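What follows is calculated from the coordinates using simple rules that are stated; it is not laboratory data. None of the values given here were measured: they were computed from a predicted structure. Don't worry about glycine lacking a Cβ; one is built from the backbone with ideal geometry, like all the others, and counts go over all protein chains shown.
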Amino acid sequence: MTAKEGPPATGERRTFGIGIDRRQRFMQPDPIISACAVSRQQTRPLGWRGPALSTTRRLQGWLGDHPVAALRTGCLPGVIVTYPKSLDHMLAAWNEPDPALVRHHLERAAAPGVEFVDPSVATHGIDEFEANVHRVQGRLPGATYSRTSGVDSHHQLHRYSWQISRGGLVLLSGFDVTEIDEHGQVARVLGFFGPLPDVD
């Protein structure tokens, strides 16, 4: 009888098909994954009760030796992605009960030529964006708008899930991909309703 191969020793390396040398570990953490985890600072914007958000900091240069692993974890060397506060101001506009104050939030959130596109509407500029907020609020009085995920970011793009609810009932859910300009303001919002469809 041939003895079965035991577990690899701590720190032993094995090569997988993608060409990345990963550690088979039982007590020793993967240094690549750990570095990316450390690089993410968990934040919760004021007034938001959803999950913590990830803000990616600058990574150590040695991560460049593991490019595929860096892509796999969403971490790239020398890339800084900061959480844009304009996302909070935009969410505040949707939740503002006073119609006269919606504009105030949008002017803090969005660029003058902001585009907002989802399956129900396509707007250009703050005036049209504001009109759409009033329209939706009028159709769904008393509804609450919230993010239901963290914010996944790269370059100037940020994606996150959201929902509209009222009285504990979810009225609509979906996700947005939001582009932020060089001034930290929302330049474009691409919204999608519902979950992704199944593969045909």
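Please arrange F193, F175, F129 by how many other C-beta atoms lie within 10 Å of their C-beta, fewest to most.
Numbers: F193 11, F175 20, F129 23.
Fewest to most other Cβ atoms nearby, the residues stand as F193, F175, F129.
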**Request:** Please give the net charge around R108, taking every other residue with its beta carbon less than 12 angstrom from that of R108, where Lys and Arg add +1 and Asp and Glu add -1.
**Result:** -1
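Please work out whether the stretch 86-193 counts as rounded, prolate or oblate from its C-alpha gyration tensor, where a ≥ b ≥ c are the square roots of the eigenvalues and a/c under 1.5 means rounded, while otherwise a/b larger than b/c means prolate and anything else oblate?
On the way: a/c = 1.65, a/b = 1.18, b/c = 1.40.
Here the stretch 86-193 falls in the oblate category.
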**Prompt:** Taking neighbour Cβ counts within 10 Å as the exposure measure, how do I180, I164 sort from fewest upward?
**Reply:** I164, I180
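How charged is the neighbourhood of A187? Take every other residue with its Cβ under 10 Å from the Cβ of A187, and add Lys/Arg as +1 and Asp/Glu as -1.
Numbers: positive: R188; negative: E115, E179, D181, E182.
Residues close to A187 contribute a combined charge of -3.
Report the extension gain between E179 and E128 in nm, rounded to one decimal, defined as 0.36 nm multiplied by the number of residues separating them, less their alpha carbon distance. Write out the running numbers ahead of the final one.
Details: separation 51, 0.36 × 51 = 18.36 nm, distance 1.78 nm.
Full extension of this stretch gives 16.6 nm more.
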**Message:** Please report the net charge: other residues with Cβ closer than 11 Å to the Cβ of L157, K and R +1, D and E -1.
**Reply:** -1
